[in-house]
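**Student:** Could you have a look at this structure, given as structure tokens, before my questions?
Please treat every number below as a calculation from the coordinates, not as lab data. None of these values were measured; they are calculated from a predicted model. Glycine also receives a Cβ, built like all others from the backbone with ideal geometry; neighbour counts cover every protein chain displayed.
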Amino acid sequence: MEAAIAKARQRESEGHYGAVHVHHHGDGEVAEAGMLRLSRVGRVVYDGKERSALYADFLRVPRAVFDEMKAGRLRYRSIEGGRWENREITSIALMPTETPYWRLPMLTIGGRVESNILKMRAECRPAIACAVSDTAFRILTHDSGELVMAVNQMPPMPGQAQAQGQPAAPAQPQPDNEGGRNLASKIMGLVMGMMSSLVAECEKLMTGGPKGKEEADMAEKDKDETESKAKMVSKPHEQEEALAQASAKTAEQVQAVEDAAAKAAAAIAAKDVQIAELQAQVDALKAKMEAKGKADAVAEKVTAAEKDLAGFTITDQIRSTLKTMAETGDAVLAAYVASIKAALPKAAPASPEETVASAKPGADEEAIGKLGALDPKALARARELAPLGRAYISAVRTDTTLEDYIRCNLRREGFAIPKA
């Protein structure tokens, strides 16, 4: 916008102003409505936000267009310009009904400003033309007569006629129809009177006598300046000392500011470290919680799959694959379970003889004894796990032995088990 104003000022310096017209070019008849002068960049509220806007003045608006504007019948306006990179507004269109792209407040007339061209009566013609601008006053004049001094009409200098012993000549009246000559004579008389007074003062000063007050004041001023210079020369060390003290005080103040800034920077760095540590702890906790949530979800999916495969022989390898499929996704797990159902036959239920054989007296203690020397807590827990293991092996028809079942569960629960 500032570039557009600068471009307009350049055009004005070359004698060109943008046009104001009614309707856009190309929309039918376009009527002349004055000249455009960009004035400044201001602020307006548009769509609820404060934005920059160009302000302008309309010059030499025709009376008919001005009346239309004043009546509110040319309430919309829209600019016309060339290519965007030129940053130039060539003209502005006033429109009665067309809504422009930028929906600005309606154009209203607050007041009329008269031109600053000076108006003169027709019968008064000492000036042909006159104009006033912000920086100058220009006038073109002419005169129809001559300004001629009347003969012997110069007023005598004060005391001149008396010094020669002659009476002063009486002033001769001038005719009324020679007003220009009378005015020139009066002006010259005043000038000569002022010159004679000045000559008299000069003669008075040149005749001698006591010195005037001006010389005394000048001498006193020279004396004061000399004494002041002497004082400055006599105490140079005091000035140097004061300057050194001021410099030292300034250095102390600068050092204090630098120390405070360093402390503030250190405090900010420490806070940043604390924030980073806390953030790391929070991230680790989030990761742990996410991992636990995922593990629990996978375990639930595996349990559900095993229930769905009840009656089939599920080996440790199949169970591990179920876990992998559950971690991959629900669709993959469902497809794997379906493939097991299609490929493996259901296991026959255990016979009463097998059940009795698996529960023969001493079988639990035999399996526990194979684990080696256990501490009392581990031994008690192993005896609790033995019947659970027998039931599991009987129901699932797995190759796992009771010894392996007890050992696996004790290790999972954190008990120390001797190596096999």
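**Student:** I need the per residue convex hull volume for the range 2-95, using only the alpha carbons, in cubic angstrom as a whole number.
**Tutor:** That works out to 122 Å³ per residue.
**Student:** On a full-extension model of 0.36 nm per residue, what is the gain between LYS286 and GLU413, subtracting their alpha-carbon distance, rounded to one decimal in nm?
**Tutor:** Roughly 43.2 nm would be gained on extension.
**Student:** I've got another one for you. To the nearest 20 debye, what is the magnitude of the charge dipole of the range 2-95 about its Cα centre, counting +1 on the Cβ of each Lys and Arg and -1 on the Cβ of each Asp and Glu?
**Tutor:** 340 debye
**Student:** Within 10 Å, count the other beta carbons around each residue, average over each peptide in 58-65, 244-251, 387-394, and list them highest first.
**Tutor:** Ranking the peptides 58-65, 244-251, 387-394 by packing returns 387-394, 58-65, 244-251.
**Student:** I would also like to ask the following. Beyond a 26 Å Cα-Cα separation, which of these cross-linked pairs lie in this structure: LYS286/LYS419; LYS377/LYS419; LYS301/LYS370; LYS292/LYS323?
**Tutor:** LYS286/LYS419; LYS301/LYS370
**Student:** Moving on. Through the Karplus equation 6.51 cos²θ - 1.76 cosθ + 1.60, θ set to phi - 60°, convert the phi angles of the range 399-408 into ³J(HN,Hα) values in whole Hz; use x for Gly and Pro.
**Tutor:** So the Karplus estimates, Gly and Pro as x, are 7, 5, 8, 4, 4, 5, 4, 5, 4, 4 Hz.
**Student:** Here is a follow-up. Once the piece of chain linking LEU278 and ASP57 is laid out straight, how much longer is it, given 0.36 nm per residue of separation minus the C-alpha distance between them?
**Tutor:** Answer, rounded to one decimal: 73.3 nm.
**Student:** Quick one: compute the contact order of the range 268-347, relative version, from alpha carbon pairs under 8 angstrom and 6+ residues apart, as a percent.
**Tutor:** It rounds to 30 percent for the range 268-347.
**Student:** Looking only at the range 278-320, which residues have a backbone nitrogen under 18 Å from a spot 7 Å from the Cα of VAL332 in the C-beta direction?
**Tutor:** Zone members listed by number: 291, 294-306, 317-320.
**Student:** Using each residue's phi in the range 3-15, evaluate 6.51 cos²θ - 1.76 cosθ + 1.60 at θ = phi - 60° and report the 3J(HN,Hα) Karplus result to the nearest Hz, with x for Gly and Pro.
**Tutor:** So the J values, rounded to whole Hz, are 5, 5, 5, 4, 5, 5, 5, 4, 4, 5, 5, 8, x.
**Student:** So the label point goes 7 Å from the Cα of ALA31 along Cα→C-beta, right? Which residues of the range 85-105 then have their backbone N under 18 Å from it?
**Tutor:** Taking a point 7 Å out along Cα→Cβ of ALA31, the residues of the range 85-105 whose backbone N falls under 18 Å are 92-99.
**Student:** Sticking with this structure for a sec: Put +1 on the Cβ of every Lys and Arg and -1 on every Asp and Glu Cβ in the range 268-347; which of ALA342, SER320, VAL282 then has its Cα farthest towards the positive end of the dipole?
**Tutor:** Positive-most Cα among the choices belongs to ALA342.
**Student:** Now for a separate question. Residues with amide H under 5 Å of GLU80's amide H, sequence separation 5 or more or different chain, H placed in the peptide plane at 1.01 Å from N; which?
**Tutor:** Amide H to amide H, under 5 Å and 5 or more residues apart or across chains, GLU80 pairs with THR90, SER91, ILE92, ALA93.
**Student:** A further question on this structure: So for the pair ASP47, LYS377, with labels modelled 7 Å out along Cα→Cβ, what separation do we get in nm?
**Tutor:** In this crude spin-label approximation the distance works out to 7.2 nm.
**Student:** Fully extended, how many nm does the chain gain between MET194 and ASP316 (0.36 nm per residue separation, minus their Cα-Cα distance)?
**Tutor:** 30.7 nm
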